[in-house]
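The values are calculated or read from the model by the stated rules, or taken from the named source; none is laboratory data. Model, not experiment: these values are computed from the prediction. Glycine also receives a Cβ, built like all others from the backbone with ideal geometry; neighbour counts cover every protein chain displayed. Just so you know, the surface numbers come from the protein's heavy atoms only, side chains and all, with ligands and any DNA or RNA stripped out. Shrake-Rupley method; radii C 1.70, N 1.55, O 1.52, S 1.80 Å.
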Amino acid sequence: MSDKLNNFIKNLDVSAAKFQQMAAERLGNLDFPTTKDEYWKYTRLGKLTKLELSKSADPDRLNLTKHIISNDYLVVVNGFIREDLSQYSKLDFEIDFLGSDRMSEEAYFDKGLNKKDVFSSMNSAFFEKVISIKIGASKINEGPLQIIYVSKGDHIISNTRLYIESGKSSQSEIIQTFIEKESTNSFTNHVTEVYVSENAHLRINKAQLEDDTNSLITTEQIHQEKNSVFKINTVTLSGALVRNNINIAVAGQNCETHMNGAIVTKNNETIDNHTFVDHRVSNCVSHENYKYVLGGKSTGVFNGRVVVQKDAQVINAYQKNDNILLSDFAKINSKPELEIYADDVKCSHGSTTGQLDEDAIFYLQTRGIAEDNAKKLLVRAFVGEVIESFENEHFEKYINTQLELIHGWKN
Amino acid sequence: MAGYTEDELKEELKSQEYEFGFTTDIESEKIPVGLNEEVIRIISAKKEEPEWLLEYRLNAFKVWQEMTEPEWAHVQYEKPKFQEISYFAAPKKQYESWDDVDPEMKATMDKLGISMDEQKKLTGVAVDFVMDSVSVATSFKDKLAELDIIFCSFSEAVKDHPELVKKYLGTVVPTSDNFYAALNSAVFSDGSFCYIPKGVKCPMELSTYFRINESGTGQFERTLLVADAGSYVSYLEGCTAPQRDENQLHAAVVELVALDDAEIKYSTVQNWFPGDKEGKGGVYNFVTKRGICHTNSKISWTQVETGSAVTWKYPSCILKGDNSIGEFYSVAVTNNYQQADTGTKMIHLGKNTKSTVISKGISAGKSQNSYRGLIQIHPKADNARNFTQCDSLLMTDECGAHTFPYIECQNNSAKLEHEATTSKIGEDQIFYCQQRGLSEEKAISLIVNGYCKEVLNKLPMEFAVEAQKLLAISLENSVG
């Protein structure tokens, strides 16, 4: 293990559970990636890895009213599940909190993760408890379940873990919000594992609103069985370094996969989205749409990868990445990749980078709208396409409110 | 397709494996295999090179020794054994003028379809012919000299115009640029040199034909093309090699310099031996091609790639001057076990720079065809504009087509568009053609030609015909 990594995790201890011991051993052979690694080409971890971090359970009663957008919600503060702040009915979602000693019970757990990835391995070694959510077969949940991840205090590291299993023919929605309360220089290392059974519909809506000195790295490992529909929406509005790794293995036929992202920045953020859809079987559709609006000195990274394996015929895959640079110092790196080993496919991608249309701004000005407002209106319309795909008006309203609070956009 | 009918194509397809798979029996001089400082000194001495060029080579060799072979490309191959290659092979006789050229050599050129006699008269194309390592002859020299255009082999240029070579050599592709560029800088044997003086529009197309003839040799040619202010030149390059079992290495460097207001059009038809149906043999084509554009200048790359077992090639433009333009048009065909990782780099440094990238990939057999392109907008490149389109066509269920674009933008006034599609050749399109009485083979040829038209249209006339033929041959019996 390199000194850097050793130093980074020195304040964390591994439990006695075999599962975590093994993960820690694995971690011992890994190191932080550098920009020489193709997978981390555009994102520097220097600032993050220099932080002196420790974990800390925070007992305060937090007022989270503004962030609660569902009747059922779970609250996790600094990586510790806070049942006292949560409220949920066990009828709709089978919720369980698993310690690492119970890991062997879950057949899918940790299987799909890339064992060479330093962050998910770190998570496996150091998570406190896993939130396990099971949705029973044929269960159709009207309301979503929200999980609120809170960073509180300074120099905190949280390793949070979520496991979702949506049963056959079930339908449900999970909302994840990553927020901070008086927190600086902290790091959340999150892993979600999802198993979507036959005919199941699952939607995950994510809002990432970290402090501008906080970092957030999420790894999402999804497995889709036949005839299932999986949708994941990511909204990132702040954070020093936010990296989302979404890996979707489509293992059954007739699946639908959707990924959407809206990223709005104004300061020094680095927002990096890596998505990977692995089409292993025939007759599937995947659709991806990421929109970046970058201001200040922020950097955006988009790397979308679609692989169509040999003999996975009749695949329709589409990737789109549109970017607007608002300031002279904002940067965008876009890398949509297609790797096709089958022939009967329709795969395409598009990537555009540009700025607001001056004619459109002028038009709005002639209609009596000040230049500043005209710009906001246009940017709002630009990300609107993604925001409207959430299929949840409460979440949509929440994002709009946050856009107003963080970026001063009026609706 | 002037003067070339479908029936002719049919005749050709019957007999065609690799048309250029012949070897020429010419006495040649080949130095022993292996690479070390001594070999570089021998090459340099044989070519009677000045001290500075030897220094340049030795320096490059030092740099190369410290580099490792790149592995990021989406290709798999057995690494060339650099100590088992002969780095210099030349036909023994050197010719004073075109008329002295060995009849057998002339016959080779005839087979290649570039009969100089004919071309001199009919097409007005000036040809520089490079066999193995040495430039054999250059036609039309006198006519070009009237306009003060210099078009000669690289070795001649080193002797006759050292100041120009010294000034521009290595300015676009520095020695340390990459593994194969460093190797080339150390051992390059010959190539073409071209200089177009200020304000001159080159009246004819300049052309170079490369051929690897000897077995167990590598070809490392070096092309340097300088278009001085306000000039224009169109340059053609063609490549073939005999059919051999082992893998031959071709590692060339091409440097283009377009000074203010100049325009360079560089076209390549690459038809190195691709290996046989089992994937045995074939040329490794690891080429570094790059051009630098000064103010208001333009560089346009057009390439048709049908050969080589493994291709690794990214003709690029550095758009340094304001208002400069870079273009890249490419058709890359892979069949059987061929692997290609090609694309372009457009580096936007100056204001109001524009670039266009059109790449058409066709994969057949069990081949892998990748597009890898970089569009980089630097912070000072205001109002930069790029349009990229890369399409891939899949012919069988065992081949692969991949797209790896890198788009890096650091200026907020840039407008960048990128689109890529991958799809199968349309069954309904083939059916439609068949319904109109065309055979399946013809239908495919028609569709593929239509698919590549955007690129083929950019080629000079003579090349366009050859390219169309090549496409048809490369894709013969390829639909699965």
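Condition check for A:THR352 on (1) open to solvent by less than 20 Å² (accessible area, probe 1.4 Å); (2) within 26 Å of A:LYS206 (Cβ to Cβ); (3) not in a helix (DSSP H, G or I): one failure, at (1). When the stretch B:170-186 is filtered for residues that are in contact with a strand residue (DSSP E or B) (Cβ under 9 Å, 6 or more places away or on another chain), crowded, with 24+ Cβ neighbours inside 10 Å and either without any contact (Cβ under 8 Å) to a residue 60 or more places away in the chain or among the aliphatic types (A, V, I, L, M) (or both), the ones remaining, listed by number, are B:VAL173, B:ALA181, B:LEU183.
Of all residues in the stretch B:404-415, how many are facing chain A (nearest Cβ under 7 Å), open to solvent by less than 10 Å² (accessible area, probe 1.4 Å) and over 28 Å from the mean Cα position of the chain (by Cα)? Residues that pass the stated criteria total 2.
The set of residues in the stretch A:379-411 that are assigned to a helix (DSSP H, G or I) and either farther than 27 Å from A:THR177 by Cβ or polar (S, T, N, Q) (or both) comprises A:SER389, A:ASN400, A:THR401, A:GLN402. Taken together, the residues in the stretch A:304-334 that are without any contact (Cβ under 8 Å) to a residue 60 or more places away in the chain and open to solvent by less than 20 Å² (accessible area, probe 1.4 Å) amount to 14. Does B:GLU454 qualify as being open to solvent by 60 Å² or more (accessible area, probe 1.4 Å), closer than 26 Å to B:LYS354 by Cβ, away from chain A (no Cβ under 14 Å) and not hydrophobic (A, V, I, L, M, F, W, C)? When the stated conditions are applied, B:GLU454 passes them. Just one of the listed residues (B:PRO274, B:PRO242) is in contact with a Gly (Cβ under 6 Å, 6 or more places away or on another chain) and either modelled with pLDDT of 75 or more or open to solvent by 30 Å² or more (accessible area, probe 1.4 Å) (or both), namely B:PRO274.
Here's the yes/no breakdown for (1) closer than 30 Å to A:VAL250 by Cβ; (2) touching a residue at least 60 places away in the same chain (Cβ under 8 Å):
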site: A:LEU64; (1), (2): no, yes
site: A:VAL75; (1), (2): no, yes
site: A:ILE81; (1), (2): no, no
site: A:LEU91; (1), (2): no, no
site: A:ILE95; (1), (2): yes, no
site: A:LEU98; (1), (2): yes, yes
site: A:MET103; (1), (2): yes, yes
site: A:GLY112; (1), (2): yes, yes
site: A:SER121; (1), (2): yes, yes
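Just one of the listed residues (B:GLY437, B:GLY426) is more than 14 Å from chain A (Cβ to nearest Cβ), without any contact (Cβ under 8 Å) to a residue 40 or more places away in the chain, over 23 Å from B:ASP341 (Cα atoms) and surrounded by fewer than 18 Cβ atoms within 10 Å (Cβ to Cβ), and it is B:GLY437. With a requirement of 3 or more residues that are in the same structural domain as A:VAL130 (by TED's automatic domain parsing) and among the acidic types (Asp, Glu), the strands (runs of 3 or more DSSP E) lying completely within the stretch A:171-255 that satisfy it span A:171-184. Would you mind stating whether B:GLU419 is at the interface with chain A (Cβ under 7 Å from one of its Cβ atoms) and open to solvent by 20 Å² or more (accessible area, probe 1.4 Å)? Yes, satisfied. Checking the stated criteria, A:ASN268 turns out to be modelled with pLDDT under 95 and either within 18 Å of A:GLN176 (Cβ to Cβ) or not charged (D, E, K, R) (or both).
If you check A:THR275, A:THR236 for being β-branched (Val, Ile, Thr) and more than 20 Å from A:LYS41 (Cα to Cα), only one passes: A:THR236. Inside the stretch A:315-341, residues that are of a type in the set (Asp, Glu) and more than 8 Å from chain B (Cβ to nearest Cβ) make up a count of 1. Of the listed requirements (1) within 14 Å of chain B (Cβ to nearest Cβ); (2) open to solvent by less than 10 Å² (accessible area, probe 1.4 Å), A:VAL383 misses just one: (1). Among the residues making up the stretch A:262-287, those that are open to solvent by less than 10 Å² (accessible area, probe 1.4 Å), more than 19 Å from B:PRO379 (Cβ to Cβ) and more than 14 Å from the chain's Cα centre (by Cα) are A:VAL264, A:VAL277, A:HIS279, A:CYS284, A:SER286. Among the residues of the stretch B:367-403, those identified as more than 9 Å from chain A (Cβ to nearest Cβ), free of Cβ contacts under 8 Å to residues at least 40 places away in the same chain and either within 15 Å of B:ASN336 (Cα to Cα) or of a type in the set (Lys, Arg) (or both) are B:SER367, B:ASN369, B:LYS380, B:ARG385. You will find that of B:GLY281, B:GLY326, B:GLY350, B:GLY291, the residue that is small (Gly, Ala, Ser), open to solvent by less than 10 Å² (accessible area, probe 1.4 Å), free of Cβ contacts under 8 Å to residues at least 40 places away in the same chain and closer than 22 Å to B:ASP177 by Cα is B:GLY326 and no other. All conditions but one from (1) in contact (Cβ under 8 Å) with a residue 12 or more places away in the chain; (2) more than 10 Å from chain B (Cβ to nearest Cβ); (3) out of contact with any helix residue (DSSP H, G or I) (no Cβ under 7 Å at 6 or more places or on another chain) apply to A:LEU364; the one that does not is (3).
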